[in-house]
1. Filter the stretch 51-69 down to the residues that are aliphatic (A, V, I, L, M) and either open to solvent by less than 100 Å² (accessible area, probe 1.4 Å) or in contact with an Asp or Glu (Cβ under 8 Å, 6 or more places away or on another chain) (or both) and list them by number.
2. When you go through GLY68, GLY55 one by one, which is the residue that is in a helix (DSSP H, G or I) and at pLDDT below 95?
3. Can you find, within the stretch 35-47, the residue that is nearest to VAL25 (Cα to Cα) among those that are free of Cβ contacts under 8 Å to residues at least 12 places away in the same chain and open to solvent by less than 80 Å² (accessible area, probe 1.4 Å)?
Amino acid sequence: MQPRSHSNTDAQAAEAEHLALEAAVDQAIAACGGDLRAAIRALIVANDFLETEVGELMKAVSHAYARGRFHSYSG
């Protein structure tokens, strides 16, 4: 029995990732009753919400860092 090559493992990981993404797409469309425009709209709204959250978290971390409550990782 030959050991698995990295390219075979990488290909399998890529295929698994592709299948998971396709399942997520199907789930998003199903959650919107099969309406593709509604699914896209919902994803845009969710993305905007997450971008806002990231911005707020970045501000909070920056503020905490400036006040000495948060220390960067020095390795």
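1. Step one: list which residues in the stretch 51-69 are aliphatic (A, V, I, L, M), which gives 54, 57-58, 60-61, 64, 66.
Selection gives VAL54, ALA60, VAL61, ALA64, ALA66.
2. The conditions single out GLY55.
3. Of the stretch 35-47, the ones free of Cβ contacts under 8 Å to residues at least 12 places away in the same chain are 35-41, 44-47.
Still in the list and also open to solvent by less than 80 Å² (accessible area, probe 1.4 Å): 35, 38-39, 46-47.
Values: ASP35: 12, ALA38: 13, ALA39: 9, ALA46: 14, ASN47: 15 Å.
Top of the filtered list is ALA39.
The values are calculated or read from the model by the stated rules, or taken from the named source; none is laboratory data. What you see is a predicted model; the values in this text were computed from it and never measured. No Cβ is skipped: glycine too gets one built from the backbone with ideal geometry, and neighbour counts run over all protein chains shown. Note: areas computed on protein heavy atoms with side chains; ligands, DNA, RNA excluded. Shrake-Rupley method; radii C 1.70, N 1.55, O 1.52, S 1.80 Å.
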